[in-house]
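I have placed the structure first, in the form of C-alpha coordinates, so that the comments after it can refer back to it.
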Amino acid sequence: MSAMDILFLSLLGGVLGLDTVSFPQAMLSRPIVAATLSGALVGDAVSGLLVGATLELFAVETLPFGASRYPEWGSASVIGGALFAKASWGFDAGRLTTTVLAALAIAWVGGWSMVQVRKLNARWARNRHDAVARGARRTVIGLQVAGIAADLVRGIVVTAIGLAVLAPLQTLALQSWGTSAPLARAMVVGAAGAVSLGAVYKLFHAVPGFVWQFMVGVAAGLAVVVLL
Amino acid sequence: MTARPPGRSPELSLGTRVSMFIRLLAVQGAWNYETLVGNGIGFCVEPALRQLPGGLDGDAYRSALARESQYFNAHPYLTSVAVGALARAELEGEAPERIERFRTALCGPLGALGDRLVWATFLPLCSFTALVVFGLGGSPFVTVITFLGLYNAGHLALRVWGLQVGWRRGLGVAQSLGNPWLQHASPRLGRFAAALAGMALPLAVDRIIGAGQVLWGGTLVGVLLGAILLASLHGRAEGWKISIGVLTAFVLYSVIR
(Lines give C-alpha, C1' and ligand atoms only; values in the text may rest on other atoms or scores of the structure.)
Protein backbone atom coordinates (compact mmCIF):
# COMPACT_ATOMS: atom_id res chain seq x y z
CA MET A 1 0.00 0.00 0.00
CA SER A 2 1.51 3.33 -1.04
CA ALA A 3 1.95 6.37 1.17
CA MET A 4 -0.64 8.21 -0.93
CA ASP A 5 -3.13 5.37 -0.41
CA ILE A 6 -2.56 5.58 3.33
CA LEU A 7 -2.93 9.37 3.28
CA PHE A 8 -6.27 9.40 1.44
CA LEU A 9 -7.64 6.41 3.33
CA SER A 10 -6.66 8.01 6.65
CA LEU A 11 -8.56 11.18 5.75
CA LEU A 12 -11.58 9.05 4.85
CA GLY A 13 -11.15 7.13 8.12
CA GLY A 14 -11.07 10.43 10.01
CA VAL A 15 -14.27 11.72 8.42
CA LEU A 16 -16.14 8.43 8.86
CA GLY A 17 -14.78 7.95 12.38
CA LEU A 18 -16.13 11.42 13.18
CA ASP A 19 -19.57 10.31 11.99
CA THR A 20 -19.72 7.55 14.61
CA VAL A 21 -20.63 10.01 17.37
CA SER A 22 -19.53 13.62 16.87
CA PHE A 23 -20.83 14.74 13.48
CA PRO A 24 -23.31 14.12 11.84
CA GLN A 25 -24.15 10.57 13.02
CA ALA A 26 -25.77 9.83 9.67
CA MET A 27 -24.40 6.25 9.80
CA LEU A 28 -21.84 6.88 7.08
CA SER A 29 -19.62 5.03 9.54
CA ARG A 30 -21.60 1.79 9.32
CA PRO A 31 -19.44 -0.97 7.82
CA ILE A 32 -21.67 -1.55 4.80
CA VAL A 33 -21.14 2.10 3.82
CA ALA A 34 -17.63 2.83 5.08
CA ALA A 35 -15.96 -0.32 3.73
CA THR A 36 -17.65 0.14 0.36
CA LEU A 37 -16.45 3.75 0.13
CA SER A 38 -12.96 2.66 1.12
CA GLY A 39 -12.96 -0.12 -1.48
CA ALA A 40 -14.14 2.37 -4.09
CA LEU A 41 -11.33 4.75 -3.13
CA VAL A 42 -8.72 2.09 -3.88
CA GLY A 43 -10.53 0.99 -7.03
CA ASP A 44 -12.63 -2.00 -5.98
CA ALA A 45 -16.03 -1.07 -4.55
CA VAL A 46 -17.38 -4.63 -4.94
CA SER A 47 -14.67 -6.04 -2.65
CA GLY A 48 -15.36 -3.22 -0.22
CA LEU A 49 -19.04 -4.08 -0.21
CA LEU A 50 -18.34 -7.76 0.43
CA VAL A 51 -16.22 -7.09 3.49
CA GLY A 52 -18.60 -4.31 4.55
CA ALA A 53 -21.56 -6.69 4.53
CA THR A 54 -19.57 -9.20 6.59
CA LEU A 55 -18.64 -6.54 9.15
CA GLU A 56 -22.23 -5.26 9.17
CA LEU A 57 -23.32 -8.68 10.44
CA PHE A 58 -21.03 -8.14 13.45
CA ALA A 59 -22.05 -4.50 13.84
CA VAL A 60 -25.74 -5.20 14.45
CA GLU A 61 -24.67 -6.57 17.83
CA THR A 62 -22.95 -3.33 18.85
CA LEU A 63 -25.36 -0.43 18.92
CA PRO A 64 -24.24 2.99 20.20
CA PHE A 65 -26.32 3.15 23.39
CA GLY A 66 -25.57 6.27 25.48
CA ALA A 67 -22.40 6.19 27.51
CA SER A 68 -21.69 2.50 26.89
CA ARG A 69 -18.41 1.47 25.27
CA TYR A 70 -18.80 0.26 21.73
CA PRO A 71 -16.48 -0.43 18.80
CA GLU A 72 -15.73 2.37 16.36
CA TRP A 73 -16.72 0.98 12.98
CA GLY A 74 -15.93 4.02 10.79
CA SER A 75 -12.14 3.88 10.64
CA ALA A 76 -12.14 0.09 11.16
CA SER A 77 -14.32 -0.42 8.08
CA VAL A 78 -12.14 1.90 5.99
CA ILE A 79 -9.19 -0.32 6.91
CA GLY A 80 -11.24 -3.46 6.19
CA GLY A 81 -12.39 -2.29 2.77
CA ALA A 82 -8.89 -1.21 1.74
CA LEU A 83 -7.10 -4.33 3.02
CA PHE A 84 -9.54 -6.65 1.28
CA ALA A 85 -9.43 -4.76 -2.02
CA LYS A 86 -5.65 -4.40 -1.98
CA ALA A 87 -4.81 -7.99 -0.94
CA SER A 88 -6.34 -9.51 -4.04
CA TRP A 89 -3.18 -10.61 -5.83
CA GLY A 90 -3.71 -14.39 -5.82
CA PHE A 91 -4.39 -14.67 -2.07
CA ASP A 92 -7.97 -15.86 -2.12
CA ALA A 93 -7.59 -18.22 0.81
CA GLY A 94 -7.53 -16.24 4.03
CA ARG A 95 -8.09 -12.85 2.43
CA LEU A 96 -11.52 -12.27 3.98
CA THR A 97 -10.60 -13.91 7.28
CA THR A 98 -7.49 -11.80 7.87
CA THR A 99 -9.27 -8.64 6.73
CA VAL A 100 -12.22 -9.14 9.05
CA LEU A 101 -9.93 -9.99 11.96
CA ALA A 102 -7.92 -6.80 11.31
CA ALA A 103 -11.08 -4.68 11.11
CA LEU A 104 -12.52 -6.16 14.32
CA ALA A 105 -9.26 -5.48 16.14
CA ILE A 106 -9.19 -1.88 14.89
CA ALA A 107 -12.85 -1.42 15.84
CA TRP A 108 -11.86 -2.39 19.38
CA VAL A 109 -8.86 -0.02 19.40
CA GLY A 110 -11.04 2.71 17.84
CA GLY A 111 -13.61 2.27 20.62
CA TRP A 112 -10.85 2.64 23.20
CA SER A 113 -9.59 5.79 21.44
CA MET A 114 -13.09 7.31 21.56
CA VAL A 115 -13.09 6.86 25.33
CA GLN A 116 -9.76 8.74 25.50
CA VAL A 117 -11.22 11.61 23.48
CA ARG A 118 -14.22 11.72 25.82
CA LYS A 119 -11.85 11.93 28.79
CA LEU A 120 -9.97 14.73 27.03
CA ASN A 121 -13.27 16.56 26.45
CA ALA A 122 -14.06 16.19 30.16
CA ARG A 123 -10.68 17.66 31.11
CA TRP A 124 -11.19 20.63 28.78
CA ALA A 125 -14.71 21.18 30.13
CA ARG A 126 -13.46 21.00 33.74
CA ASN A 127 -10.70 23.53 33.07
CA ARG A 128 -13.22 25.93 31.52
CA HIS A 129 -16.01 25.34 33.99
CA ASP A 130 -15.94 28.89 35.35
CA ALA A 131 -16.17 30.42 31.89
CA VAL A 132 -19.10 28.16 30.97
CA ALA A 133 -20.80 29.06 34.26
CA ARG A 134 -20.47 32.74 33.29
CA GLY A 135 -22.18 31.99 29.97
CA ALA A 136 -19.10 32.73 27.83
CA ARG A 137 -20.19 32.14 24.25
CA ARG A 138 -16.71 31.59 22.87
CA THR A 139 -15.97 28.94 25.47
CA VAL A 140 -19.15 26.97 24.80
CA ILE A 141 -18.58 27.03 21.04
CA GLY A 142 -14.84 26.46 21.47
CA LEU A 143 -15.38 23.30 23.52
CA GLN A 144 -17.67 21.93 20.84
CA VAL A 145 -15.27 22.69 18.00
CA ALA A 146 -12.28 21.35 19.92
CA GLY A 147 -14.09 18.10 20.68
CA ILE A 148 -14.99 17.62 17.01
CA ALA A 149 -11.42 18.41 15.90
CA ALA A 150 -9.99 15.95 18.44
CA ASP A 151 -12.32 13.21 17.22
CA LEU A 152 -11.36 13.89 13.59
CA VAL A 153 -7.66 13.65 14.41
CA ARG A 154 -8.34 10.48 16.40
CA GLY A 155 -9.96 8.81 13.39
CA ILE A 156 -7.13 9.86 11.06
CA VAL A 157 -4.44 8.55 13.44
CA VAL A 158 -6.23 5.24 14.11
CA THR A 159 -6.68 4.62 10.39
CA ALA A 160 -3.11 5.59 9.47
CA ILE A 161 -1.51 3.45 12.18
CA GLY A 162 -3.90 0.57 11.48
CA LEU A 163 -3.08 0.54 7.77
CA ALA A 164 0.67 0.99 8.28
CA VAL A 165 0.84 -1.90 10.76
CA LEU A 166 -1.78 -4.32 9.46
CA ALA A 167 -1.21 -4.21 5.69
CA PRO A 168 2.29 -5.77 5.88
CA LEU A 169 1.16 -8.19 8.60
CA GLN A 170 -1.69 -9.36 6.39
CA THR A 171 0.65 -9.89 3.44
CA LEU A 172 2.98 -11.96 5.64
CA ALA A 173 0.08 -14.07 6.90
CA LEU A 174 -1.33 -14.66 3.43
CA GLN A 175 2.06 -15.69 2.00
CA SER A 176 2.22 -18.61 4.43
CA TRP A 177 -1.52 -19.41 4.54
CA GLY A 178 -2.18 -23.13 4.83
CA THR A 179 -5.92 -23.79 4.98
CA SER A 180 -8.35 -23.95 2.09
CA ALA A 181 -10.28 -20.94 0.80
CA PRO A 182 -13.75 -22.45 1.46
CA LEU A 183 -12.85 -23.34 5.07
CA ALA A 184 -11.33 -19.92 5.73
CA ARG A 185 -14.37 -18.15 4.35
CA ALA A 186 -16.78 -20.48 6.18
CA MET A 187 -15.04 -19.65 9.47
CA VAL A 188 -15.48 -15.92 9.13
CA VAL A 189 -19.00 -16.09 7.70
CA GLY A 190 -19.99 -18.57 10.41
CA ALA A 191 -18.73 -16.22 13.12
CA ALA A 192 -20.43 -13.17 11.54
CA GLY A 193 -23.72 -15.03 11.04
CA ALA A 194 -23.71 -16.38 14.60
CA VAL A 195 -23.07 -12.94 16.09
CA SER A 196 -25.80 -11.44 13.91
CA LEU A 197 -28.35 -14.14 14.72
CA GLY A 198 -27.57 -13.79 18.43
CA ALA A 199 -28.10 -10.03 18.10
CA VAL A 200 -31.43 -10.50 16.33
CA TYR A 201 -32.64 -12.69 19.20
CA LYS A 202 -31.41 -10.19 21.79
CA LEU A 203 -33.04 -7.22 20.02
CA PHE A 204 -36.37 -8.68 18.95
CA HIS A 205 -37.22 -11.73 21.06
CA ALA A 206 -39.68 -9.64 23.09
CA VAL A 207 -41.53 -8.47 19.97
CA PRO A 208 -44.94 -10.20 19.76
CA GLY A 209 -44.82 -12.96 17.15
CA PHE A 210 -41.03 -12.73 16.81
CA VAL A 211 -40.45 -16.42 16.05
CA TRP A 212 -43.06 -16.52 13.30
CA GLN A 213 -41.95 -13.26 11.71
CA PHE A 214 -38.34 -14.37 11.77
CA MET A 215 -39.07 -17.84 10.40
CA VAL A 216 -41.15 -16.43 7.54
CA GLY A 217 -38.17 -14.25 6.68
CA VAL A 218 -35.75 -17.18 6.84
CA ALA A 219 -38.03 -19.27 4.61
CA ALA A 220 -38.24 -16.45 2.07
CA GLY A 221 -34.48 -15.93 2.15
CA LEU A 222 -33.71 -19.64 1.75
CA ALA A 223 -36.26 -19.91 -1.07
CA VAL A 224 -34.50 -17.14 -2.97
CA VAL A 225 -31.11 -18.79 -2.37
CA VAL A 226 -32.32 -22.17 -3.60
CA LEU A 227 -34.38 -20.92 -6.53
CA LEU A 228 -32.02 -18.30 -7.93
CA MET B 1 -30.48 41.83 18.35
CA THR B 2 -33.54 43.45 19.91
CA ALA B 3 -35.49 42.41 22.95
CA ARG B 4 -38.86 40.74 22.50
CA PRO B 5 -41.73 43.15 23.18
CA PRO B 6 -43.69 42.14 26.32
CA GLY B 7 -46.79 40.04 25.74
CA ARG B 8 -45.81 38.76 22.30
CA SER B 9 -45.11 35.13 21.59
CA PRO B 10 -41.46 34.65 20.60
CA GLU B 11 -40.61 33.78 17.01
CA LEU B 12 -37.59 32.18 15.41
CA SER B 13 -36.40 33.28 12.00
CA LEU B 14 -35.74 30.66 9.33
CA GLY B 15 -32.03 31.43 9.58
CA THR B 16 -32.03 30.78 13.32
CA ARG B 17 -33.90 27.50 12.87
CA VAL B 18 -31.48 26.36 10.17
CA SER B 19 -28.53 27.32 12.35
CA MET B 20 -29.97 25.36 15.30
CA PHE B 21 -30.67 22.36 13.08
CA ILE B 22 -27.14 22.26 11.64
CA ARG B 23 -25.70 22.58 15.14
CA LEU B 24 -27.90 19.69 16.26
CA LEU B 25 -25.96 17.45 13.87
CA ALA B 26 -22.91 18.19 16.03
CA VAL B 27 -24.67 18.08 19.39
CA GLN B 28 -22.37 15.32 20.66
CA GLY B 29 -19.17 17.06 19.53
CA ALA B 30 -17.98 17.74 23.09
CA TRP B 31 -19.53 14.62 24.66
CA ASN B 32 -17.77 13.69 27.89
CA TYR B 33 -18.30 11.58 30.99
CA GLU B 34 -19.05 14.58 33.26
CA THR B 35 -21.56 16.85 31.50
CA LEU B 36 -22.42 14.30 28.77
CA VAL B 37 -24.25 16.19 26.00
CA GLY B 38 -24.75 19.33 28.15
CA ASN B 39 -22.32 21.62 26.33
CA GLY B 40 -23.92 20.50 23.06
CA ILE B 41 -27.35 21.66 24.25
CA GLY B 42 -25.96 25.10 25.05
CA PHE B 43 -24.22 25.15 21.65
CA CYS B 44 -27.48 24.33 19.83
CA VAL B 45 -29.77 26.67 21.77
CA GLU B 46 -27.32 29.58 21.48
CA PRO B 47 -28.59 31.04 18.17
CA ALA B 48 -32.07 31.45 19.69
CA LEU B 49 -30.73 32.99 22.90
CA ARG B 50 -29.37 35.96 20.94
CA GLN B 51 -32.96 37.28 20.90
CA LEU B 52 -32.95 37.72 24.68
CA PRO B 53 -32.93 41.31 26.01
CA GLY B 54 -29.48 42.83 25.63
CA GLY B 55 -28.43 40.41 22.92
CA LEU B 56 -25.00 38.75 23.06
CA ASP B 57 -23.75 41.12 25.75
CA GLY B 58 -26.81 40.94 27.97
CA ASP B 59 -27.03 39.26 31.36
CA ALA B 60 -30.10 37.32 30.23
CA TYR B 61 -28.14 35.75 27.35
CA ARG B 62 -25.19 34.80 29.54
CA SER B 63 -27.36 33.36 32.31
CA ALA B 64 -29.40 31.33 29.85
CA LEU B 65 -26.34 30.01 27.99
CA ALA B 66 -24.71 29.00 31.27
CA ARG B 67 -27.91 27.23 32.36
CA GLU B 68 -28.31 25.38 29.06
CA SER B 69 -24.67 24.21 28.99
CA GLN B 70 -24.91 22.19 32.20
CA TYR B 71 -25.23 18.40 32.43
CA PHE B 72 -27.77 16.85 30.07
CA ASN B 73 -28.35 13.37 28.72
CA ALA B 74 -30.68 12.14 25.99
CA HIS B 75 -30.69 10.25 22.75
CA PRO B 76 -28.75 12.47 20.31
CA TYR B 77 -31.53 12.70 17.71
CA LEU B 78 -34.17 13.57 20.31
CA THR B 79 -32.06 16.32 21.84
CA SER B 80 -33.80 18.34 19.12
CA VAL B 81 -36.99 18.15 21.20
CA ALA B 82 -35.15 19.50 24.21
CA VAL B 83 -33.38 22.22 22.22
CA GLY B 84 -36.66 23.50 20.73
CA ALA B 85 -38.49 23.42 24.05
CA LEU B 86 -35.66 25.02 26.01
CA ALA B 87 -35.24 27.78 23.43
CA ARG B 88 -38.92 28.66 23.79
CA ALA B 89 -38.81 28.49 27.58
CA GLU B 90 -35.81 30.84 27.71
CA LEU B 91 -37.32 33.33 25.23
CA GLU B 92 -40.64 33.30 27.10
CA GLY B 93 -38.77 34.23 30.26
CA GLU B 94 -39.69 31.16 32.30
CA ALA B 95 -38.24 31.05 35.81
CA PRO B 96 -34.72 29.51 35.88
CA GLU B 97 -35.74 26.94 38.53
CA ARG B 98 -38.60 25.78 36.34
CA ILE B 99 -36.33 25.42 33.31
CA GLU B 100 -33.78 23.44 35.34
CA ARG B 101 -36.48 21.09 36.67
CA PHE B 102 -37.78 20.64 33.12
CA ARG B 103 -34.28 19.82 31.81
CA THR B 104 -33.82 17.19 34.50
CA ALA B 105 -37.22 15.65 33.87
CA LEU B 106 -36.67 15.46 30.11
CA CYS B 107 -33.46 13.38 30.19
CA GLY B 108 -34.99 10.00 31.01
CA PRO B 109 -37.89 9.95 28.49
CA LEU B 110 -35.79 11.29 25.60
CA GLY B 111 -33.07 8.74 26.27
CA ALA B 112 -35.35 5.74 26.67
CA LEU B 113 -37.56 6.56 23.69
CA GLY B 114 -34.63 7.23 21.35
CA ASP B 115 -32.67 4.16 22.39
CA ARG B 116 -35.68 1.91 21.90
CA LEU B 117 -36.93 3.45 18.67
CA VAL B 118 -33.70 4.33 16.85
CA TRP B 119 -30.83 2.22 18.14
CA ALA B 120 -32.71 -0.98 18.97
CA THR B 121 -35.22 -0.97 16.12
CA PHE B 122 -34.77 1.45 13.22
CA LEU B 123 -31.00 1.13 12.78
CA PRO B 124 -31.06 -2.71 12.73
CA LEU B 125 -34.05 -2.56 10.36
CA CYS B 126 -32.05 -0.41 7.93
CA SER B 127 -28.99 -2.66 8.28
CA PHE B 128 -31.00 -5.77 7.45
CA THR B 129 -32.71 -4.02 4.56
CA ALA B 130 -29.28 -3.19 3.11
CA LEU B 131 -28.13 -6.77 3.70
CA VAL B 132 -31.19 -8.08 1.83
CA VAL B 133 -30.37 -5.79 -1.10
CA PHE B 134 -26.75 -6.97 -0.95
CA GLY B 135 -27.83 -10.62 -0.77
CA LEU B 136 -30.07 -10.18 -3.80
CA GLY B 137 -27.03 -9.09 -5.78
CA GLY B 138 -27.30 -5.34 -5.32
CA SER B 139 -24.40 -3.26 -6.61
CA PRO B 140 -22.27 -1.25 -4.18
CA PHE B 141 -24.05 1.96 -5.19
CA VAL B 142 -27.58 0.56 -4.83
CA THR B 143 -26.81 -1.11 -1.49
CA VAL B 144 -25.21 1.96 0.04
CA ILE B 145 -27.87 4.35 -1.27
CA THR B 146 -30.64 2.06 0.02
CA PHE B 147 -29.14 2.07 3.50
CA LEU B 148 -28.27 5.76 3.67
CA GLY B 149 -31.52 6.89 2.01
CA LEU B 150 -33.76 4.84 4.27
CA TYR B 151 -31.87 5.55 7.46
CA ASN B 152 -31.44 9.26 6.94
CA ALA B 153 -35.03 9.79 5.82
CA GLY B 154 -36.01 8.63 9.31
CA HIS B 155 -33.07 10.23 11.08
CA LEU B 156 -33.47 13.71 9.61
CA ALA B 157 -37.27 13.61 9.87
CA LEU B 158 -36.97 12.79 13.58
CA ARG B 159 -34.58 15.69 14.19
CA VAL B 160 -36.75 18.15 12.23
CA TRP B 161 -39.92 16.96 13.99
CA GLY B 162 -38.19 17.19 17.36
CA LEU B 163 -37.07 20.77 16.86
CA GLN B 164 -40.50 21.83 15.59
CA VAL B 165 -42.56 20.11 18.26
CA GLY B 166 -40.18 21.26 20.99
CA TRP B 167 -40.44 24.86 19.85
CA ARG B 168 -44.23 24.68 19.41
CA ARG B 169 -45.00 23.06 22.76
CA GLY B 170 -42.26 24.53 24.96
CA LEU B 171 -42.45 23.19 28.50
CA GLY B 172 -45.57 21.21 27.55
CA VAL B 173 -43.66 19.03 25.09
CA ALA B 174 -43.95 15.91 27.26
CA GLN B 175 -47.47 15.39 25.88
CA SER B 176 -46.05 15.00 22.38
CA LEU B 177 -43.70 12.27 23.55
CA GLY B 178 -46.76 10.27 24.60
CA ASN B 179 -48.00 10.31 21.00
CA PRO B 180 -49.34 6.79 20.24
CA TRP B 181 -47.40 6.65 16.97
CA LEU B 182 -44.12 7.19 18.79
CA GLN B 183 -45.01 4.75 21.53
CA HIS B 184 -46.12 1.97 19.17
CA ALA B 185 -43.59 2.52 16.41
CA SER B 186 -40.94 0.38 18.03
CA PRO B 187 -42.92 -2.91 18.31
CA ARG B 188 -44.46 -2.41 14.85
CA LEU B 189 -41.12 -1.76 13.19
CA GLY B 190 -39.64 -4.55 15.31
CA ARG B 191 -41.91 -7.17 13.72
CA PHE B 192 -40.91 -5.98 10.27
CA ALA B 193 -37.24 -5.91 11.24
CA ALA B 194 -37.42 -9.48 12.56
CA ALA B 195 -38.77 -10.71 9.21
CA LEU B 196 -36.12 -8.74 7.31
CA ALA B 197 -33.41 -10.16 9.56
CA GLY B 198 -34.61 -13.67 8.85
CA MET B 199 -34.48 -12.99 5.13
CA ALA B 200 -31.15 -11.13 5.23
CA LEU B 201 -29.12 -13.81 7.01
CA PRO B 202 -29.30 -16.64 4.44
CA LEU B 203 -29.08 -14.20 1.53
CA ALA B 204 -26.05 -12.36 2.87
CA VAL B 205 -24.29 -15.56 3.98
CA ASP B 206 -24.88 -17.04 0.52
CA ARG B 207 -23.39 -14.06 -1.29
CA ILE B 208 -20.40 -13.72 1.04
CA ILE B 209 -19.49 -17.39 1.06
CA GLY B 210 -20.04 -17.65 -2.67
CA ALA B 211 -22.65 -19.67 -4.54
CA GLY B 212 -21.99 -23.40 -4.91
CA GLN B 213 -19.48 -23.66 -2.04
CA VAL B 214 -19.42 -27.11 -0.46
CA LEU B 215 -19.33 -25.69 3.08
CA TRP B 216 -22.65 -23.82 2.76
CA GLY B 217 -24.57 -26.29 4.95
CA GLY B 218 -21.76 -26.54 7.49
CA THR B 219 -21.62 -22.77 7.75
CA LEU B 220 -25.35 -22.55 8.48
CA VAL B 221 -25.04 -25.19 11.21
CA GLY B 222 -22.11 -23.22 12.64
CA VAL B 223 -24.19 -20.04 12.58
CA LEU B 224 -27.02 -21.73 14.47
CA LEU B 225 -24.77 -23.33 17.09
CA GLY B 226 -22.83 -20.11 17.58
CA ALA B 227 -26.01 -18.08 18.00
CA ILE B 228 -27.39 -20.55 20.55
CA LEU B 229 -24.11 -20.31 22.47
CA LEU B 230 -24.22 -16.50 22.42
CA ALA B 231 -27.88 -16.39 23.46
CA SER B 232 -27.14 -18.76 26.37
CA LEU B 233 -24.46 -16.36 27.63
CA HIS B 234 -27.25 -13.79 28.29
CA GLY B 235 -25.08 -10.80 27.40
CA ARG B 236 -22.19 -11.79 29.71
CA ALA B 237 -19.87 -11.73 26.69
CA GLU B 238 -20.07 -9.98 23.35
CA GLY B 239 -20.03 -12.11 20.22
CA TRP B 240 -17.75 -9.80 18.23
CA LYS B 241 -15.09 -9.99 20.94
CA ILE B 242 -15.35 -13.77 21.11
CA SER B 243 -15.02 -13.77 17.32
CA ILE B 244 -11.69 -11.93 17.57
CA GLY B 245 -10.36 -14.78 19.72
CA VAL B 246 -11.76 -17.51 17.45
CA LEU B 247 -10.50 -15.87 14.25
CA THR B 248 -7.08 -15.13 15.77
CA ALA B 249 -6.71 -18.82 16.69
CA PHE B 250 -7.79 -19.85 13.19
CA VAL B 251 -5.41 -17.42 11.46
CA LEU B 252 -2.50 -18.61 13.63
CA TYR B 253 -3.37 -22.23 12.84
CA SER B 254 -3.60 -21.45 9.11
CA VAL B 255 -0.26 -19.65 9.08
CA ILE B 256 1.69 -22.12 11.22
CA ARG B 257 0.49 -25.44 9.77
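The values are calculated or read from the model by the stated rules, or taken from the named source; none is laboratory data. Bear in mind the structure is a predicted one, so any value in this text is a computation, not a measurement. With ideal geometry, Cβ positions are generated from the backbone for all residues, glycine too; neighbour counts draw on all protein chains shown.
Structure values in brief
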| item | result |
| --- | --- |
| Qualifying position, being at the interface with chain B (Cβ under 7 Å from one of its Cβ atoms) and in a helix (DSSP H, G or I), among A:A160, A:A125 | A:A125 |
| Identity of the residue in the stretch A:1-31, under 17 Å from A:G52 (Cα atoms) and without any contact (Cβ under 8 Å) to a residue 40 or more places away in the chain, that ends up nearest to the chain's Cα centre (by Cα) | A:M27 |
| Yes/no for B:L171 being surrounded by 17 or more Cβ atoms within 10 Å (Cβ to Cβ), more than 8 Å from chain A (Cβ to nearest Cβ), in a helix (DSSP H, G or I) and of a type outside the set (S, T, N, Q) | yes |
| Answer residue from the stretch A:202-212, given it is within 16 Å of B:M199 (Cβ to Cβ) and not aliphatic (A, V, I, L, M) and is farthest from the other protein chains (Cβ to nearest Cβ) among those | A:W212 |
| Cβ-Cβ under 8 Å pairs, at least 6 apart or on other chains, the stretch A:177-191 side more than 7 Å from chain B (Cβ to nearest Cβ), far side surrounded by fewer than 24 Cβ atoms within 10 Å (Cβ to Cβ) | A:S180/A:A93; A:A181/A:D92; A:A181/A:A93 |
| Hits in the stretch B:50-67 (condition: facing chain A (nearest Cβ under 9 Å) and crowded, with 20+ Cβ neighbours inside 10 Å) | B:Y61, B:A64, B:L65, B:R67 |
| The listed residue being more than 7 Å from chain B (Cβ to nearest Cβ), under 26 Å from A:E72 (Cα atoms) and touching a residue at least 40 places away in the same chain (Cβ under 8 Å), out of A:G155, A:G142 | A:G155 |
| Residue within the stretch A:38-46 that is surrounded by 24 or more Cβ atoms within 10 Å (Cβ to Cβ) and more than 7 Å from every other protein chain (Cβ to nearest Cβ) present | yes |
| Subset of the stretch A:59-84 (residues that are part of a helix (DSSP H, G or I) and either among the polar types (S, T, N, Q) or surrounded by fewer than 24 Cβ atoms within 10 Å (Cβ to Cβ) (or both)) | A:S75, A:S77 |
| Residue match in the stretch B:223-240 (condition: part of a helix (DSSP H, G or I), surrounded by fewer than 16 Cβ atoms within 10 Å (Cβ to Cβ) and among the polar types (S, T, N, Q)) | yes |
| Residue tally, condition part of a helix (DSSP H, G or I), in contact with a helix residue (DSSP H, G or I) (Cβ under 6 Å, 6 or more places away or on another chain) and buried (at least 20 other Cβ atoms within 10 Å of the Cβ), over the stretch A:179-209 | 18 |
| Test result for A:L96, under 21 Å from B:G210 (Cα atoms), within 11 Å of chain B (Cβ to nearest Cβ) and in contact (Cβ under 8 Å) with a residue 24 or more places away in the chain | yes |
| Output for the stretch B:126-149, where each listed residue is in contact (Cβ under 8 Å) with a residue 24 or more places away in the chain, on the phi < 0 side of the Ramachandran plot and either more than 10 Å from chain A (Cβ to nearest Cβ) or not in a helix (DSSP H, G or I) (or both) | B:T129, B:L136 |
| Members of the stretch B:67-109 that are among the hydrophobic types (A, V, I, L, M, F, W, C), part of a loop (DSSP other than H, G, I, E, B) and more than 24 Å from B:L56 (Cβ to Cβ) | B:A74, B:L78 |
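This table checks each residue for (1) among the β-branched types (V, I, T); (2) at pLDDT below 90.
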| site | (1), (2) |
| --- | --- |
| B:S186 | no, no |
| B:L189 | no, no |
| B:A194 | no, no |
| B:M199 | no, no |
| B:L203 | no, no |
| B:I208 | yes, no |
| B:A211 | no, yes |
| B:V214 | yes, yes |
| B:G222 | no, yes |
